[in-house]
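Read the structure below first, then the notes.
The values are calculated or read from the model by the stated rules, or taken from the named source; none is laboratory data. The structure presented is a predicted model; accordingly, all values stated were derived computationally and were not measured. Note that we place each Cβ from the backbone using ideal geometry, even for glycine, and neighbour counts take in every protein chain shown.
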Amino acid sequence: RSMNLLRKLNNNLHMRFIEWQGKRSAEIVDRLTGGSVLEIGCGHGILSDRLIELGKHVIKTDYQPTQDGVLHCDAHAIPFADKSFDAVVCVNTLEHLHTPKLALAEMRRVSGRLYLCWTPWYSPFGGHEFSPLHYFGKTKGSIHQLGTNLFKTTFKETVEQLERVGWKIISVRPRYWPALKFLSRWRWTREWATWNVEIICS
């Protein structure tokens with residue numbers, strides 16, 4: 001019974017954290033862009049729902065939709081015309097894409113702004129459910145397996161790929177503690193101390 005209570009408490013705290021992050025991210029995107037937004041990998045749809053409440057026209061997509069109103073979408077081949085959206089939102093999805101550079105190029109093709117967040121491989125949660133054992137060579141957990149549905153998506157390579165496909169980086173900071181923006185500037189801290197990176201591009 002005690003274990004069940006602990007699991008329930010942990011799940012509740014996790015969902016509250018996700019909801020808080022979704023609200024904060026929606027406020028940032030609201031200031032960033034006009035009316036139309038495409039979300040790549042919407043998951044629970046919390047961020048999209050907050051954006052809709054703020055008056056945005058949002059299309060939710062996911063590779064494996066789990067709810068009504070979500071379109072199937074492969075981020076490597078986004079099924080929309082050039083410049084169809086004012087902004088693309090991609091939160092905690094990039095590290096699950098086998099060719100992130102191609103996906104970032106597709107996001108650039110369909111939009112003029114990008115709100116991107118992901119967990120770098122070398123951060124404490126880079127291995128997702130089997131963190132921090134990824135530091136010691138573990139590559140597989142109960143849900144994710146490196147090279148199958150989780151990839152070594154580093155800070156350095158992602159920034160380089162963004163610039164190569166034509167994105168201009170406006171802002172880079174740790175998503176969970178944005179006041180500590182300096183952590184993303186230093187080469188020796190940005191790969192792990194940021195935990196989850198937030199990048200805004202135009």
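Structure notes:
- Test: Leu180 is more than 16 Å from the chain's Cα centre (by Cα) and surrounded by fewer than 17 Cβ atoms within 10 Å (Cβ to Cβ): yes
- Applying a threshold of 7 Å to beta carbon distances and a minimum spacing of six or more residues, or different chains, the list of pairs starting in the range 125-148 at a residue that is under 23 Å from Tyr176 (Cα atoms) and ending at one that is assigned to a loop (DSSP other than H, G, I, E, B) and aromatic (Phe, Trp, Tyr) reads Phe125/Trp195; Ser131/Phe125.
- The range 32-68, residues that are modelled with pLDDT of 90 or more, surrounded by fewer than 16 Cβ atoms within 10 Å (Cβ to Cβ) and closer than 18 Å to Ile200 by Cβ: Ser36, Leu54
- Subset of the range 69-128 [touching an Asp or Glu at 6+ places or on another chain (Cβ under 8 Å), over 18 Å from Ile169 (Cα atoms), surrounded by 18 or more Cβ atoms within 10 Å (Cβ to Cβ) and hydrophobic (A, V, I, L, M, F, W, C)]: Val70, Cys73, Ala75, Ile78, Trp121
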